[in-house]
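Below is one structure; the comments refer to it alone.
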Amino acid sequence: MNTREAKKILLLYRGPIDDSDPQFRAALDYAKSDRELGEWLREQSECYGTIRAKLRAIEPPPDLSEKIVRGRPIPFLRDWSRIGQLAAAIVISVSVTALLMKWSERRNGAIGGGQEIVVTGEVLDMTCYIASNLSGPDHAKCARICIRSGEPAGIKAQDGKVYLLTGEPGQSINAKLADYAAQVVTIKGKKSVRDGFAQLQVEEIRKL
Amino acid sequence: MSADLEFENLVRLYYRDLYRFGLSLTGNENDAADLTQETFYIWANKGYQLQKAASVKGWLFTTLHREFLKTCRRRNRFANESVNECTEDLPNVPPDCAERADSQTLLRILGEIAEDFRAPLVLYYMEDLSYKEIAEVLALPLGTVQSRIARAKIQLLRRLSEINLPVEQSK
């Protein structure tokens, strides 16, 4: 190594921060034995220190840090492990709720329900219809008496499906239905299924 | 420590150095403040990606530099001159040349140096980062960083010695 080579290396030397950097070791050792190089290194170090101090003397605007802290955006932390946990919790919660609802419905004997439909068909006296397959105008008088006396009433839709007709919970609809026994009417109501048996909670009756 | 407090501490710890780096790069106080602010906001949104707390400082400097480069591309307004390839000779500069320059003069001269050379030179003088860290911040090979620092430093010292600097009244 000569003085010129050592100078090229030591041009980058900053002081203690670079002492552990092996690239400077040999050049620093060389500078110890070369008086002129040692003096040059001392002047370089002073000059470096002065420039550094002047750069570090630059102060930011006094309110900058507060401005940064105040204006901090609300971070959207995409922590996928936490998002996964949250998703799993939601899935479990929904599944448990669905199972509980299903269990509750089964316990009450009802599956589905509440769907509002309109059915057009003949009003039946269910006792005679189920037991003896009696319906139509020929059976109208009997049907009217049976329904009025509290026997279950139903409606046979045009597609052949039969619904048991009910009133509001705890209220009988038979007095109203008796007048329409064996007649074709349109009934609007809420459909539900109980133990496989379709029923219609009557809301409105219209005679065709 | 809450996220708010952590953010506040981080700002208090590094905003000065980042501002100085930004000011040295842009030569404009408003641009430097904007860059500093933007850097911390990026950290607030993406800082969780950092695996090691020790790498926060390097990450902040890297981000500020990237944002500066983006700004340069958008505005194309930070004009500067490239460092002459033939400036390898070591200058004979008066030892007190730096003392006679105030911070503003220093910033002005730094602003005249090409950005590719200015950024490593400023990080070199700020003495916050090792050469390896400077290379990581600027995404450059270590040898390139050292070469650029050496050439830019020679140009800076030459400029400082050439300029007819007024003696600071306070001295």
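Taken together, the values in this text are just the output of simple stated rules run on the coordinates, not laboratory data. Worth saying up front: this structure is predicted, and the values here are computed from it rather than measured. Here the Cβ is made from the backbone with ideal geometry for all residues, glycine too, and neighbour counts use every protein chain on show.
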Exercise for review: Give, rounded to the nearest 20 debye, the magnitude of the charge dipole that the range A:112-207 has about its Cα centre when Lys and Arg contribute +1 at Cβ and Asp and Glu contribute -1 at Cβ.
Suggested key: 100 debye
Point to revise | Helix A:35-56 vs. chain A, principal-axis angle (Cα, 0 to 90°, nearest 10) | key: 40 degrees
Check your understanding: Taking the Cα atoms of the range A:112-207 alone, what are Rg (to one decimal) and Dmax (as a whole number) in Å?
Key -> 12.0, 36
Study note, to complete from the structure: Charge dipole of the range A:3-56 built from unit charges on the beta carbon (Lys, Arg +1; Asp, Glu -1), centred at mean Cα; most positive-end Cα among A:Ala31, A:Leu11, A:Cys47 is A:Cys47
Practice item. Using a Förster distance of 30 angstrom, determine the FRET efficiency expected from the C-beta separation of A:Phe197 and A:Ser93, and round it to 0.05. Key: 0.35
Point to revise | Separation between Cα centres of the range A:13-71 and the range B:93-126, rounded to whole Å | key: 12 Å
Exercise for review: Using a Gaussian network model of chain A whose springs link C-alpha atoms within less than 10 Å, name the residue from A:Ala157, A:Ala53, A:Ala88 with the highest mean-square fluctuation.
Suggested key: A:Ala53
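Using just the helices of chain A, give the 222 nm mean residue ellipticity in deg cm²/dmol: DSSP H runs with n ≥ 4 each add -39,500 (n - 2.57), and the total is spread over all residues, rounded to 500.
It comes out at -15000 deg cm²/dmol, rounded to the nearest 500.
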Check your understanding: Once label points are set 7 Å from the Cα along Cα→Cβ at both B:Leu69 and B:Glu29, what is their separation, rounded to one decimal in nm?
Key -> 3.0 nm
Check your understanding: Helix A:80-108 sits at what angle to the longest principal axis of chain A, using alpha carbons and giving 0 to 90 degrees rounded to 10?
Key -> 10 degrees
Check your understanding: Taking Cα atoms, how many degrees apart are the long axis of helix A:22-33 and the longest axis of chain A, rounded to 10 and kept between 0 and 90?
Key -> 20 degrees
Check your understanding: Straight-line reach from A:Lys32: which lysines have Cα under 22 Å away, leaving out those fewer than 8 places along the same chain?
Key -> A:Lys7, A:Lys8
Exercise for review: Take the Cβ-Cβ distance between A:Gln115 and B:Asn45 as r, set R0 to 35 Å, and report the resulting FRET efficiency rounded to the nearest 0.05.
Suggested key: 0.15
Check your understanding: If the chain between A:Glu43 and A:Ile130 were fully stretched, how many nm would it gain, using 0.36 nm times the residue separation less the Cα-Cα distance?
Key -> 19.7 nm
Review point. FRET efficiency for A:Leu86 and A:Arg56, Cβ-Cβ distance as r, R0 = 35 Å, nearest 0.05?
Key: 0.15
